[in-house]
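Beneath this line is the structure, given in structure tokens, with notes to follow.
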Amino acid sequence: DMLKQRVLEYKEQQEEILKKVDKNTARVLEQISEPGSSNWLSCLPLRKHGFVLNKSEFRDSIRLRYNLDLDRLPSQCPCGKTFDVNHSLNCHLGGYIIIRHNEIRDFLAGLLNTVCSDVEVEPQLQELEGEQFTRSSTLTGDQARPDIKARGFYRAGQVAFFDVKVINPNSNSYLQHSTKRTMENAERQKTRCYNERILNVEHGSFAPLIYSVTGGMGPQARTFEKLLCNKLAYKKKQNYNDIINYYRCKLSFLIRKLILLCIRGSRNTSGSNKTYELSNMDDLEFNSFESKVN
């Protein structure tokens, strides 16, 4: 009861603060208050788990957290547009947007492989044989490839499909909506593209997994997180709180390093960039550890 009362008091204080600040500051405060957005900052710096940033990465991360300008950024992007943080998180030159998506997809697929059978990345859906769909937005061609397939995640024997999307909620096209609404809209868009086909043809289930470059996640990704960590805790015979703290820290550092890659990574038009290797991010072992994450 005391803890619930304290949480309510904090929420009331937060609402009072948001009323007093300008719109831009309120948006920043909303984003850094999202579950998962602060794990990289509050957890113990355990190098063997990859929970470390070098001094340059840490300095950039702190300035990004509080919406401060970064030092030593180029003025012009090789694509021809003015270079700033917002542009770097949206620019496809260099392939960093694809790397960002694929790293998170592979991280989640690796965890699903621990608790599910028949896990596959970018599975091919069954060919259509004249099936009609009520939604015109349903994908019917070869481009209809969800990111992950896993059997037995929600129900025994049933195939679950997941599609990952990483959004920049501070893009100009999203500024008219709150971060929460932006992620909910992204979930609905993904659902319109895949859900009907997967439900009626594959007889499976579909869940969009939406993540923000600020560290937050959509409602369905949060539900996925809890169920996945519950299954991992049962599989590893470990405490659920330890597992979910570890998961959130691992994901938080992964997103943090990928965002810094988008900002600081070299972009060139003469050739492809070298593959960027994230240190310690392929270690999916869940060991008990002490954490200061609440």
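Figures for the structure shown
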item	result
Selected residue (criterion: least open to solvent (accessible area, probe 1.4 Å)) from residues of the stretch 64-84 that are in a loop (DSSP other than H, G, I, E, B), within 23 Å of V28 (Cα to Cα) and touching a residue at least 24 places away in the same chain (Cβ under 8 Å)	L70
Matching entry among T179, T114, T138 (being under 28 Å from L29 (Cα atoms), polar (S, T, N, Q) and open to solvent by less than 60 Å² (accessible area, probe 1.4 Å))	T179
Criterion: open to solvent by 40 Å² or more (accessible area, probe 1.4 Å) and without any contact (Cβ under 8 Å) to a residue 12 or more places away in the chain - qualifying residue of E122, E129, E103	E129
The lone exception for R59 - which of (1) touching a residue at least 60 places away in the same chain (Cβ under 8 Å); (2) closer than 26 Å to Y246 by Cα it fails	(1)
Set L227, L232, L251: member being closer than 27 Å to S205 by Cβ, of a type in the set (A, V, I, L, M, F, W, C) and surrounded by fewer than 19 Cβ atoms within 10 Å (Cβ to Cβ)	L227
Selection count, the stretch 30-55, where residues are under 17 Å from R222 (Cα atoms) and open to solvent by less than 50 Å² (accessible area, probe 1.4 Å)	7
The stretch 150-168, residues that are among the aromatic types (F, W, Y) and crowded, with 21+ Cβ neighbours inside 10 Å	F153, F161, F162
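The values are calculated or read from the model by the stated rules, or taken from the named source; none is laboratory data. Since this is a predicted model, take the numbers as computed values, not measurements. Positions of Cβ are generated from backbone atoms using ideal geometry, with glycine treated the same way; all protein chains shown enter the neighbour counts. Remember, those area values only see protein heavy atoms, side chains included, never the ligands or the DNA or RNA. Shrake-Rupley method; radii C 1.70, N 1.55, O 1.52, S 1.80 Å.
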